[in-house]
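Worksheet: one structure, shown below.
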Amino acid sequence: MTIRRPRWAWLLFPHLSIIIGASVLAACHRLPRVALAGGLDKLGHFLMLGALSLFAVGFFGAARWLRVVFVLGLLSAFEEASQAWFPARTLDALDLAANLLGILLGAYAASRSAPQARCATVVFSDSRTPALRAGAATHLARHTTGYAGAQVALRTRDKLADAPISPDDDQPDTDRFPTRSPP
């Protein structure tokens, strides 16, 4: 089963290559002076890593947004700490703060806009036979986004398909699910 990703999430890879290119240019003293002047440096850190986390959460799924924040924050801290060994780079706590804030806000925004795995509560006892219940589970599996939800639905379908037919299957569950009597 494949995970449906929004089309914009695939921008993760070109954006990551732009960030790597900017890092290499900065290490070689090839980054334009305008990019380092004033607050543009901090704004660049915030926007570039915020967009990176936005695309990463879109790519890996909204359910994993906290993991994306943790991994990107850790990588950002290591990258900022490694600047102490490059003469062309400077270690700056404000750069790290801009990175972490951008990562957090970008991931949060993506977690609210990216599709999440839908949870569904299905009452299988309304169906008259195990075959119909298995059909309902198959429908749920086909229309549930996200890997985990579909796996649960498939396991439910497999369990119900093997269930023996009993006389109780022909009787509605009126004690649990009362039906309206005709007027």
Within the stretch 69-93, the residues that are at pLDDT below 95 and of a type in the set (A, V, I, L, M) are Ala81, Ala84, Ala88, Leu91, Ala93
query = Would you call Ala62 crowded, with 17+ Cβ neighbours inside 10 Å and farther than 21 Å from Arg4 by Cβ?
reply = no
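Across the stretch 33-56, which residue is surrounded by the fewest Cβ atoms within 10 Å (Cβ to Cβ) among those that are out of contact with any helix residue (DSSP H, G or I) (no Cβ under 9 Å at 6 or more places or on another chain) and under 21 Å from Phe86 (Cα atoms)?
By that ranking, first place goes to Arg33.
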Against the definition (in contact with a Lys or Arg (Cβ under 7 Å, 6 or more places away or on another chain) and more than 24 Å from Ala109 (Cβ to Cβ)), how does Ala26 come out, yes or no? yes
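The values are calculated or read from the model by the stated rules, or taken from the named source; none is laboratory data. As the structure is a computational prediction, the values presented were derived from the model and not from experiment. Please note: Cβ atoms are built from the backbone with ideal geometry, for glycine as well, and neighbour counts cover all protein chains shown.
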